[in-house]
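Report on the following structure.
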Amino acid sequence: MMAHVVLALACEHQALDQPDPPIATGDYPVLLLSAVDKAVAFASNVRRAEQAGPQGRSRLGTRGQADVGL
C-alpha cells in the first residue's frame, strides 16, 4: 500500500508540470495524502516567507495567509 501511494504521488508531481494535468479522485488514500502534501507545502512556504522578514511578510495577509492575486 505504501509503495502504491508513494508512486502515485510521484506521478502526480510529474503530471502537475504538464499543461493539463489529470486529477484522479478514485483512489481515496492517494487523494487524501495529496491534499496533506499540498497543505504541508503551503505551510512551509508561509513559514519561509515569515522568516524572510519584512520582505516576506509584506506578501502575507494579517493571519499569515497569502494574499489572493499575488
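Quick check: net charge around Pro29, other residues with Cβ under 14 Å of its Cβ, Lys/Arg +1 and Asp/Glu -1?
-3
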- Tell me the label-point distance for the pair Asp27, Val6, using the 7 Å Cα-to-Cβ offset, in nm and rounded to one decimal. 1.4 nm
- Using only the Cα atoms of the stretch 2-57, each taken as one equal point scatterer with no solvent, compute I(q) by the Debye sum, divide by I(0), and report log10 of the ratio at q = 0.14, 0.17, 0.21, 0.30 Å⁻¹. -0.50, -0.65, -0.81, -1.17
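Throughout, read-outs are computed from the coordinates displayed, never taken from laboratory work. Bear in mind that the values here come from a model prediction, so they are computed numbers and not experimental data. No Cβ is skipped: glycine too gets one built from the backbone with ideal geometry, and neighbour counts run over all protein chains shown.
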